[in-house]
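The values are calculated or read from the model by the stated rules, or taken from the named source; none is laboratory data. It should be emphasised that the depicted structure is a prediction, and the values quoted were computed from it without experimental measurement. Here Cβ is always computed from backbone atoms with ideal geometry, including for glycine, and neighbour counts include all displayed protein chains.
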Amino acid sequence: MPHPFSTLSPDLVMSAAESVGIWPAGEPFALNSYENRVLMFRDEDGERWVVKFYRPGRWADSVIQEEHDFLQELANADVPVIAPWRDQCGESLHTYQQFRFTLYPQCSGQAPELDNPAHLFALGNVIGRLHAVSARQAFHHRPTLDWQSDINDAEARVIKSERLSKHQQRAYRNVVQKILGQLDNYPLAHNRLIRTHGDCHLGNVLGRDEAFTLVDFDDCLMAPAIQDIWMLLPEGDPSSWRAQLSEIVEGYEEERAFPHDQLSLIEPLRAYRLIRYTAWLVSRWEDPAFPRAFPWLAERGYWDQHIRQLEQQLLQLERPIWLA
């Protein structure tokens, strides 16, 4: 059966934009995106637009709309984000044929430099501004980070993929269950969860000089505030962590108190992401974009490497070196 995105031709993309009154001046240009399909085009007035076509069957309309409304709330509070364009009726989620899509004004810029203290301060300040607004209320439709259920689901998807040998399956299950056992030592206090970007890595921060904008809130969820900070820190280098974190904290605390008590969640969150990321890859393998972009997933050696990586992460959970 053809993948749903196989029918997403340039003509369909342009017709979808035209259906809401935006008139492309030329063919759209595909941007790097795998979960959804994201393209850029210019309209007849020379304005640049980004259009996102959502993966069919992933999110309910209410989940997507909650992301859009969150972005509008942030933009109204002068947090540097890109809120989706809305038509004359105030609608931001649109439908054309079998696809749901959203339009954004294009945001240009470069990722911050993590060896630049001024960039780190500005980055911390932006995230602090985000969290000052996001902590005001909760999501009702978006996901909530949950160690147990999310990792059990990821493990089941990896095993079901039948990409691991019997020996690898045993080793994989063993290390994942040991990680889950360790995560029992890191309870997530529900009253400390806030609305977060959810995928706040350097690829989702754009700007120039010291003015940065957060983009791509497709994975926003209820999570500890540190979820939006830990991916910006270098892995396995305690001295660099401390130096860079101090600049981020200083910028963050201009807006709200930094969650120092959540620093112990960094290694659990890293383990969580490692497990979930691989499960995401195997669950999307029927999409032709994934075998092209991640061919190494089909190699048995990858799984040996992944299991070793999880075993190393288990050691970090038992005694985080950077906290020593």
- Message: Pairs please, first residue from the stretch 186-209 and more than 19 Å from PHE258 (Cβ to Cβ), second anywhere and of a type in the set (S, T, N, Q) and surrounded by fewer than 18 Cβ atoms within 10 Å (Cβ to Cβ), Cβ atoms under 8 Å, 6+ apart in sequence or on different chains.
- Response: LEU206/SER108; LEU206/GLN110; LEU206/THR213; GLY207/GLN110; GLY207/THR213; ARG208/GLN110
- Query: What single numbered condition from (1) free of Cβ contacts under 8 Å to residues at least 40 places away in the same chain; (2) of a type in the set (Ser, Thr, Tyr); (3) not in a helix (DSSP H, G or I) fails to hold for THR213?
  - Reply: (1)
- Query: Of all strands (runs of 3 or more DSSP E) completely enclosed by the stretch 15-109, which ones contain at least 3 residues that are within 20 Å of GLY207 (Cβ to Cβ) and either in contact (Cβ under 8 Å) with a residue 24 or more places away in the chain or touching an Asp or Glu at 6+ places or on another chain (Cβ under 6 Å) (or both)?
  - Reply: 48-53
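Of all residues in the stretch 259-296 being among the charged types (D, E, K, R) and out of contact with any Asp or Glu (no Cβ under 8 Å at 6 or more places or on another chain), which is surrounded by the most Cβ atoms within 10 Å (Cβ to Cβ)?
Initial filter on the stretch 259-296 (among the charged types (D, E, K, R)): 261, 267, 270, 273, 276, 284, 286-287, 292.
If we keep only those that are out of contact with any Asp or Glu (no Cβ under 8 Å at 6 or more places or on another chain) too, we end up with 261, 267, 273, 286-287, 292.
Working: ASP261: 11, GLU267: 24, ARG273: 17, GLU286: 9, ASP287: 18, ARG292: 9.
Ranking the candidates gives GLU267 first.
Conditions (1) farther than 21 Å from GLN182 by Cα; (2) outside the structural domain of PRO187 (by TED's automatic domain parsing); (3) touching a helix residue (DSSP H, G or I) at 6+ places or on another chain (Cβ under 6 Å), marked per residue:
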{"residue": "ILE229", "(1), (2), (3)": "yes, no, no"}
{"residue": "GLN244", "(1), (2), (3)": "yes, no, yes"}
{"residue": "ILE248", "(1), (2), (3)": "yes, no, yes"}
{"residue": "GLY251", "(1), (2), (3)": "yes, no, yes"}
{"residue": "LEU263", "(1), (2), (3)": "no, no, no"}
{"residue": "GLU267", "(1), (2), (3)": "no, no, yes"}
- Log entry, pairs with first residue in the stretch 287-305 being in contact (Cβ under 8 Å) with a residue 12 or more places away in the chain, second being assigned to a helix (DSSP H, G or I), beta carbons closer than 6 Å, six or more apart or on different chains, reads PHE294/LEU281; LEU297/LEU281; TRP303/GLN168
- Query: When HIS141 is evaluated against the numbered criteria (1) assigned to a loop (DSSP other than H, G, I, E, B); (2) out of contact with any Ser or Thr (no Cβ under 7 Å at 6 or more places or on another chain), which criterion, by number, is the only one it fails?
  - Reply: (2)
- Kindly list the number of the only condition in (1) at pLDDT 95 or above; (2) farther than 18 Å from ASP184 by Cβ that fails for ILE275. (2)
- Item | Tally, over the stretch 216-251, of residues that are under 16 Å from LEU265 (Cβ atoms), assigned to a helix (DSSP H, G or I) and either touching a residue at least 24 places away in the same chain (Cβ under 8 Å) or out of contact with any Leu (no Cβ under 7 Å at 6 or more places or on another chain) (or both) | 10
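Filtering the stretch 28-57 down to residues that are acidic (Asp, Glu) and surrounded by 12 or more Cβ atoms within 10 Å (Cβ to Cβ), which residue is nearest to ASP216 (Cα to Cα)? Reasoning before the result, please.
Within the stretch 28-57, the subset acidic (Asp, Glu) is 35, 43-45, 47.
When the remaining residues are screened for being surrounded by 12 or more Cβ atoms within 10 Å (Cβ to Cβ), the result is 35, 43, 47.
Values: GLU35: 12, ASP43: 22, GLU47: 20 Å.
Applying the filter and picking the extreme gives GLU35.
I'd like the residue in the stretch 197-223 that is over 14 Å from the mean Cα position of the chain (by Cα) and surrounded by 17 or more Cβ atoms within 10 Å (Cβ to Cβ) and, out of all such residues, is nearest to PHE70 (Cα to Cα).
So the first thing to find is which residues in the stretch 197-223 are over 14 Å from the mean Cα position of the chain (by Cα), and the list is 206-213.
Those left that are additionally surrounded by 17 or more Cβ atoms within 10 Å (Cβ to Cβ): 206-207, 212-213.
Details: LEU206: 19, GLY207: 21, PHE212: 18, THR213: 15 Å.
Within the stretch 197-223, the match that is nearest to PHE70 (Cα to Cα) is THR213.
Under the condition of being over 28 Å from SER62 (Cα atoms) and out of contact with any Lys or Arg (no Cβ under 8 Å at 6 or more places or on another chain), which residue from the stretch 203-230 is modelled with the highest pLDDT? Outline the logic, then answer.
Narrowing the stretch 203-230 to residues over 28 Å from SER62 (Cα atoms): 207-212, 230.
Filter once more, so that each one left must be out of contact with any Lys or Arg (no Cβ under 8 Å at 6 or more places or on another chain): 207-212.
Working: GLY207: 90, ARG208: 82, ASP209: 80, GLU210: 81, ALA211: 91, PHE212: 95.
That would be PHE212.
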- Test result for LEU193, in the same structural domain as TRP285 (by TED's automatic domain parsing), at pLDDT 95 or above and either under 22 Å from the mean Cα position of the chain (by Cα) or not basic (Lys, Arg) (or both): yes
- Item | Residue under evaluation GLU162, criteria (1) out of contact with any helix residue (DSSP H, G or I) (no Cβ under 6 Å at 6 or more places or on another chain); (2) assigned to a helix (DSSP H, G or I), criterion not met | (2)
